[in-house]
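Some notes on the structure that comes next.
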Amino acid sequence: MLAALVLVVSLGTAAIASAASTTVAPYAANIDLWGDKSTMLWNTYQNQIVEKNVSFSFEQTVQGNGYYMTYKYAKMGNTEFKDYAHGSGSLDNEAILSTYDASRKYHLWNADWNDYNVSCIQYKETTHAVYAPTRIAIGTGYYAVNPLNYDSLIKEKTWVKNRLAGTSMQNEVEYAHKLDKDLSVVAKDFTNLTYDPLFKSNAITQFKINEDVGEGKIHIGVLQANSDSAGMIPTSLASMAVTAWKKPAVEIDEDYFGTYHVEKNMTLSVPYSRNKPSYDWLPCSCNEGWNDMVIHDQRYHSAKGFFDCTSCPFPYCNP
């Protein structure tokens, strides 16, 4: 599912160039390999190949003086991203946001079923902003002779979450008089489930910051859930957040007040693999047979001779 929103508000003298594109590949039609109308319902559920992918790209260049407010949000699979900024004064900004989400389901009657999902969010930004009080005359009426006063210190907040791994990273600048910032964010995850018994997943989150802040506040935070949450697709976003806060594997909380130069390169990778073979529901090894079966498979079966291999012909069994 794609949920991406980009909002830019700029008042004053500005030059804005942006480009955005979205590509959506719809679900493939079900492939019926049997072709028998009597098995149509069975085939719809059991015999199909479904593929889907969604991609979005956004590029922006903004230069000007006045007041600005920007909001960018994207959610792809288990990854989520948000960036918010506002301030008055001069702004020189370049930003690139790209997202991708794809899923594939192979549910064929003559092969092992496989479900595959991959999602990714990438964001890069370069910002140079200097605070200054601004007066802007708007229109030809009252506000033309009574200009609006904007006196907003610089603020920018960026966070990324990878719910498959229970990872959260954020960087926030507030009350700044000057900001020079290079930012790079990557969040990706994939899951690969083969029925049965192999499940593999990996979740990667990367956050790179290189910023100079003049007379402001900087906050940097990282939260990583413990290994109990690794590879577990959350059924509830609230439960994942509670688990991370109560039992964190990594927790970073930093605040700086004043004029600082900060560089951070943070990467969290959480691979996960589970191999859990299931037993054969109809053993005919002729060593134990019926007695080898678990109790819930023995229930409600009256054809004991079939299950204990006494009805199996030679050479498959020697009762």
Next on the checklist: Return the pair list, or none, for Cβ contacts closer than 8 Å from residues in the stretch 79-93 that are without any contact (Cβ under 8 Å) to a residue 60 or more places away in the chain to residues that are among the charged types (D, E, K, R), at least 6 apart or on different chains.
Outcome noted: N93/E125
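Considering only residues that are buried (at least 21 other Cβ atoms within 10 Å of the Cβ) and either farther than 15 Å from E80 by Cβ or out of contact with any strand residue (DSSP E or B) (no Cβ under 8 Å at 6 or more places or on another chain) (or both), which ones fall in the stretch 135-166?
Residues of the stretch 135-166 that are buried (at least 21 other Cβ atoms within 10 Å of the Cβ), as a first pass: 154, 156, 158, 160-166.
Passing the criteria: I154, E156.
Every residue, every condition in (1) surrounded by 16 or more Cβ atoms within 10 Å (Cβ to Cβ); (2) at pLDDT 90 or above, yes or no:
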{"residue": "K200", "(1), (2)": "yes, no"}
{"residue": "F207", "(1), (2)": "yes, yes"}
{"residue": "E211", "(1), (2)": "yes, yes"}
{"residue": "S227", "(1), (2)": "no, no"}
{"residue": "T235", "(1), (2)": "no, no"}
{"residue": "V242", "(1), (2)": "no, no"}
Checklist entry - Out of all the residues in the stretch 109-134, which are more than 23 Å from V54 (Cα to Cα), buried (at least 16 other Cβ atoms within 10 Å of the Cβ) and in contact (Cβ under 8 Å) with a residue 60 or more places away in the chain? => result T134
Next on the checklist: Any residue in the stretch 174-196 that is under 25 Å from Y100 (Cβ atoms) sitting within a Cβ distance under 6 Å of a residue that is not in a strand (DSSP E or B)? List the pairs, counting only those 6 or more apart or interchain.
Outcome noted: D189/N78; D189/L164; T194/D112
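With A95, A132, A137 as the choices, which residue is over 33 Å from the mean Cα position of the chain (by Cα) and under 30 Å from K264 (Cα atoms)? Lay out the reasoning, then the answer.
Values: A95 fails: over 33 Å from the mean Cα position of the chain (by Cα); A137 fails: under 30 Å from K264 (Cα atoms).
Being over 33 Å from the mean Cα position of the chain (by Cα) and under 30 Å from K264 (Cα atoms) holds for just one of A95, A132, A137, which is A132.
The values are calculated or read from the model by the stated rules, or taken from the named source; none is laboratory data. None of the values given here were measured: they were computed from a predicted structure. Methodologically, a virtual Cβ is constructed for each residue, glycine included, from the backbone with ideal geometry; neighbour enumeration extends over all protein chains shown.
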